[in-house]
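Any read-out appearing in this document is the output of simple, stated calculations on the displayed coordinates, not a laboratory observation. A quick note: this is a predicted structure, and the numbers were derived from the prediction, not measured. Please note: Cβ atoms are built from the backbone with ideal geometry, for glycine as well, and neighbour counts cover all protein chains shown.
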Ligand code: NDP
Ligand code: 2IT
């Protein structure tokens, strides 16, 4: 049995109750086969695959807080510190009722390779809680965040582990958590990224994941002799990533005609009004029905459905496993040219395969959404030198990083004879740097 198959079997046995983690590991290890086969003895002797699929540590803790009725609520908190071979653990905090250990592990595992692709010195980690921020008052959010950080602060630090935002964690939550860290540890340090601009945050971090996704997509099109100008795009989600992907895509001449949230979706044939969307989602924290009510050209539908709409480019920006095989078939039938993932693992394995086999240019999240964490690493640099860079400077660095990522994954795919397979290219390029650092650092 090949080394990859052996390890996959063990990982499946050990983590049988964690389907998302198994999905992420299967995708990575399957696509690394050419690299592993070329170095099988060395990697096997050093148990590289066994080590890279087992987190350094997994922290789980109780998060008690008091709601507005005086009732004590209890949530579960997580931080998975997966791999710090190339830098301090780095990755977001997800606050969503669906969060469990398997979800955090899949996200932490992906983060190792994504962070390596950024070219910056950051390791992989992820955390969060099954807390549901929807419908909570600001005071309840603060109570939760303070309790969460009261425990988490024991395990993180500017040179140890630097969390950030993800689903359900934005500037408001990062602010409350930063305040509590500072209070308990007595240190003003860059322990979180995505901070407010008045206390160490970086310009462009808010926009970075969405903008970065579009910079990479633009480079992909350029590489195929095309541009985004005049293209029609479908976006899913309407959170941080989706909003700034829509904004940048439209700045570059594309027309984005859809967005969605967890209850419904909008088709707006005249193009999404991004200022209205920001007001509905960032200011009012309302449903998309509010968008449709204020936009005569928009049609609102309950449930899911954005991938039914004919488009050139599909940008899934909501959550994992939201683009299924049937959606992939519909996209191909509608003549879709490219799928670039803004979310983490939004496309199922069978849907990815179908898209690739039918000639759709497919760039997975590890490469396509790396602009968020890359800009977090730029925030860490600014905090270290106690300076802040201008919007233009950070934006130019972000763009340069995304263009570099595209060429690095394209080259890696070519080097291993799988030209155009950007999933394999990303996994290979991300893996090479981490494995080199692991080998250099001995058994740890
Ligand atoms: P937000 O919380 O800002 O937005 C999430 C969006 O996705 C909302 O529109 C939300 O709808 C929708 N959504 C969330 N869960 C589900 C679900 N189970 N079913 C349907 N819709 C859902 O999060 P982000 O925009 O930050 O994150 C989106 C994706 O991008 C995630 O996969 C995240 O891991 C990934 N990502 C985020 C980065 C960042 O910097 N923020 C960086 C790289 C990747 P509703 O409002 O109704 O809940
Ligand atoms: O999935 C991700 O890359 C993020 N949520 C951003 C992580 C970060 O540390 O900025």
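A compact table of results
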item	result
Residues of the range 407-444 satisfying the condition of being in contact with a strand residue (DSSP E or B) (Cβ under 8 Å, 6 or more places away or on another chain) and closer than 30 Å to residue 358 by Cα	409, 420, 422, 423, 426
Residue within the range 142-159 that is assigned to a loop (DSSP other than H, G, I, E, B) and either within 11 Å of ligand 1 (Cβ to nearest atom) or touching a strand residue (DSSP E or B) at 6+ places or on another chain (Cβ under 7 Å) (or both) present	yes
The range 312-335 - residue that is surrounded by 24 or more Cβ atoms within 10 Å (Cβ to Cβ), over 17 Å from residue 210 (Cβ atoms) and away from ligand 1 (no atom under 16 Å from the Cβ) and, of those, farthest from the chain's Cα centre (by Cα)	331
Identity of the residue in the range 160-175, assigned to a helix (DSSP H, G or I) and either crowded, with 18+ Cβ neighbours inside 10 Å or away from ligand 1 (no atom under 16 Å from the Cβ) (or both), that ends up farthest from the chain's Cα centre (by Cα)	175
Tally of residues being over 23 Å from residue 175 (Cα atoms) and out of contact with any helix residue (DSSP H, G or I) (no Cβ under 8 Å at 6 or more places or on another chain) across the range 73-111	4
Residue under evaluation residue 108, criteria (1) within 20 Å of residue 206 (Cβ to Cβ); (2) surrounded by 20 or more Cβ atoms within 10 Å (Cβ to Cβ), criterion not met	(1)
Single condition residue 343 does not satisfy, out of (1) surrounded by fewer than 24 Cβ atoms within 10 Å (Cβ to Cβ); (2) within 16 Å of ligand 2 (Cβ to nearest atom); (3) assigned to a loop (DSSP other than H, G, I, E, B)	(1)
Some residue of the range 368-380 being under 25 Å from residue 311 (Cβ atoms), assigned to a helix (DSSP H, G or I) and in contact with a strand residue (DSSP E or B) (Cβ under 9 Å, 6 or more places away or on another chain)	yes
